[in-house]
Every structure is written in structure tokens, then in C-alpha cells.
Ligand SMILES: C[S@@+](CC[C@H](N)C(=O)[O-])C[C@H]1O[C@@H](n2cnc3c(N)ncnc32)[C@H](O)[C@@H]1O
């Protein structure tokens, strides 16, 4: 990501992009051997029954929302109307909100866990520290954050044809996220850079973290 100027509003690119490619993304993501369920089950095991879980960028609700909604009260948020419609269909027992995670109004200490998977890399670079700070604020003492961050080059870019639609990406670089999490009061329990092989894109690395809010 060379930091090429982003002409259109990034959030609009992301929302329209996922509206257009939601089904293609689902098919494509289904082919990837991703560690997602290992991390989601790890989070699930650490939560008590009936925990309040907020999932940012929940997408179509599969697989993470569906898995967590078996035992917990899950609220999913997504900026794409089509993704939210699919999620309501796949996980009728969860609650969903259509909107930008950065615009959400959430009272402090409302959730036992916040989850953001394959989502933060679509948030503009200058908003990412604020996103982490908000997540920390929304967690109850001892609450858990499961997330992952793009660990590629620092900067912002628009891929004009990502699975058939323009898509916006941003990264602060893999090393930036540990300090930001700690400064926000999130202590790392697990922290791993993991590569996954993506059809058409090759090996792509993400920094996965499971963190606990300071009690
Ligand atoms: C790569 S998909 C991942 C979906 C799901 N978490 C999964 O793992 O399959 C990223 C999702 O994040 C959503 N998203 C991106 N930026 C967002 C924002 N600022 N607020 C809410 N949702 C957002 C997109 O619409 C998309 O559905």
C-alpha cells in the first residue's frame, strides 16, 4: 500500500463494495483455510453463558456470529446493507445494526466481548486508533477483544477490482497495533501473525489478537 490518494469516501467504497460482492465474498472466503474458528472458539470458551457480545463488521454472520450466538447475546454491526440482510437470515437469534462502527453510540462498559474480524483493514488509517480506544471503552472490566489487523505495508489504497468491485484497505503496519491496544488498556493474551492463502491473492498475513480489558 503506497498511500495513493483515495478519491472517493472510503466508507462509501466499502459499503457499496460489499453490497455488490456479498455473495461472491461468501463463496471466496469459504475456500480459505483460515484460523478464524480456532480464535472464535477460544474466545467462546473464556466467556460465561449469555455474555453480551458486539461484533463489528459481522458480514453475513457466518461463521463467527452464528457460532457465538449459540451461547451468547450477540449484536452484529455492518456498514453494508446487503451483508446485514444476509446476517439476519443466517443468524435470526442475533440482533443486527446497519451502520458504521465508528458512528455507533454505545454506553461505556456495555459488553463482555467485542469481536472485529477482517474488518479493521477497511477503516481509514487515521480512525483506527480511535476504533481501538472505543472498543476498550465499550468493554466491561475483564472483557475480551478478539480482533485482527492487516499486517501488510503501512498506508491506504483502493483496489479497483477486488472480487469484482472497488475496495478500500488501510494498515498502520503490524507493529503499530500492540502499543495502541496496550495504551487503550487492553492486555494481550494471544498475539500472532498468521498467513493465509487467499485464492487469487496468494499468502496474506494478519495480526490476530485476543486481549483483556484491564480490571
Ligand atoms: C472482509 S468482511 C468480513 C466479514 C466477517 N467479519 C467475516 O469474517 O466473514 C468485512 C466486513 O466489514 C464491514 N465493514 C467494513 N468497515 C466497516 C465499518 N466502518 N463499520 C461497520 N462495518 C464495516 C464490511 O461491510 C464487511 O461486511
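Just so you know, all these numbers are worked out from the coordinates, no wet-lab data involved. Owing to the predicted nature of the structure, the values given are computational and were not obtained by experimental measurement. Backbone-built Cβ (ideal geometry, glycine too); neighbour counts: all protein chains shown.
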- request: Starting from one equal scatterer on each C-alpha and no solvent at all, send me the Debye-based log10 I(q)/I(0) for segment 64-182 at q = 0.11, 0.16, 0.20, 0.22 Å⁻¹, two decimals.
  value: -0.40, -0.86, -1.27, -1.41
message: Order 100-113, 50-63 from most to least packed using the mean count of other Cβ atoms within 10 Å.
response: 50-63, 100-113
field: Percentage, to the nearest whole number, of Cα pairs in segment 10-213 over 32 Å apart
entry: 7
- request: Sort out for me the Cα centre separation of segment 72-90 from segment 101-167, rounded to whole Å.
  value: 16
- line: With the 8 Å Cα cutoff and a minimum separation of six or more residues, the chain has a relative contact order in percent of 22
Calculated [θ] (222 nm, deg cm²/dmol) that DSSP helices of n ≥ 4 give over the chain, each run adding -39,500 (n - 2.57): -9000 deg cm²/dmol
task: Would you mind putting 172-183, 75-86, 204-215, 28-39 in packing order, based on average other-beta-carbon counts within 10 Å, highest first?
output: 75-86, 204-215, 172-183, 28-39
